[in-house]
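Notes for the one structure printed next.
Any read-out appearing in this document is the output of simple, stated calculations on the displayed coordinates, not a laboratory observation. Model, not experiment: these values are computed from the prediction. Here the Cβ positions follow ideal geometry from the backbone for every residue, glycine too, while neighbour counts run over all protein chains shown.
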Amino acid sequence: MSRAMSDPAIRYDGLLSGGAMVAGVIGHPIRHSLSPRLHGAWIRALGIDAAYVPLQTRPDTFEMTVNALTGGTFRGVNVTLPFKERALALADDATDRAAASGAANVILYREDGTLLADNTDGEGLLYALRRQAPGWQPDRGPVTVIGAGGAARGAVAALAAAGAADIRILNRTRARADTLSALLPCKAFGWDDAATAFDGTATVINATSGQLTGDTPLPLPPASDGGIVVMDMVYKPLETPFLAACRALGHQTVDGLDMLIGQAIPSFVAFYGVAPPDLPVREILLAAMVPAPGDL
Ligand code: NAP
């Protein structure tokens, strides 16, 4: 906690002091990141001497930029596309969940100058499922994850740690699913075996960056009598074509926006040493997602 917060003689007036706690989000591009609005809303509501800034870096300067922020001012950074794997490789140490995910979305600057990598995306995934599908449990039945990239790997690691016993990876490129199943407790399936991957499944998570369009549209879980929970990690648009099709098939759907919020909560605690306040952040983010005139 900074001196301005802990010393009652110093009233925080909304302006940053030289001892402000600073964190940010680093990526390429970063202009459309919602994280500065999310953390900024929490900071403003708490009235703490702190800031959260967007940090754009070129792909070839990621490591140099992260290393340049050591020294005391920065508490840590969130890491977004396309640097999550490189963030894990750059750090001196990693939490178990970051190591299991093979990627980091948080880097913390420790007082001794070393970097600690963490991954809170899995916590965000579970937060979203529990919030939008009340009563959902990781062990309610088989979980089918579509995709085999970094987000899918993090999802498998988090689901397995939370108690999911039957996890299936369904990916367009079967070899990539095989690679993942050699690393983590899950079974691999290719597009041509989608029916087996969906057989008896209770939860489906889309962790691809693809949608229903294109040469190889995403496979859909078959209609059921309402027992399947389907989540899409993508939140722009909030209802993706994949989620809309699953809803039309009678499945309960979960969008990706609460995953963003769920990964940010532990990040905020790690950066500023205090829990975020209870705010309608989902509504704040939805308002921010309305395109500005310059974005049209
Ligand atoms: P990634 O490592 O690049 O992996 C991409 C995955 O998508 C691969 O499995 C790839 O399959 C598949 N894919 C791409 N285009 C496809 C298409 N047209 N048809 C079928 N499959 C396709 O990306 P990632 O980091 O895992 O991220 C995946 C998604 O999750 C992104 O959209 C990201 O924005 C989202 N995400 C959201 C949150 C959140 O907070 N809500 C957090 C993390 C990630 P192949 O192996 O066959 O190429």
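For a label point 7 angstrom out from the Cα of GLN252 toward its Cβ, which stretches of region 143-167 have the backbone nitrogen within less than 16 Å? Zone members listed by number: 143-144. Starting from the Cα of ASP13, move 7 Å in the Cα-to-Cβ direction to define the label point; list residues of region 31-55 whose amide nitrogen is under 20 Å from there. Correct set: 44-51. Taking only the C-alpha atoms of region 122-255, the Rg (one decimal) and the largest Cα-Cα distance, Dmax (whole number), read 13.2, 37 Å. Its Cα centre serving as origin, the chain has a Cβ charge dipole (Lys and Arg +1, Asp and Glu -1) of approximately 280 debye. Start at zero, step by 5 Å, and the Cα-Cα distances of the chain spread as 1, 5, 11, 15, 17, 16, 13, 10, 6, 3, 2, 1, 0, 0 percent across the bins. Rounded to the nearest 0.05, the FRET efficiency derived from the C-beta distance between ALA45 and LYS236 at R0 = 30 Å is 0.75. When shorter helices are ignored and each DSSP H run of at least 4 residues is given -39500 (n - 2.57), the per-residue value for the chain at 222 nm works out to -10500 deg cm²/dmol. When both bridge partners sit in the chain, DSSP labels roughly 20% of those beta bridges antiparallel.
In order along region 184-201, the Karplus-derived 3J(HN,Hα) couplings, from 6.51 cos²θ - 1.76 cosθ + 1.60 at θ = phi - 60°, round to 10, x, 7, 9, 9, 9, x, 3, 6, 10, 4, 4, 5, 5, 8, 4, x, 6 Hz, and Gly and Pro are given as x. Once you reduce region 207-250 and region 143-161 to the center of their Cα atoms, the two points are 16 Å from each other.
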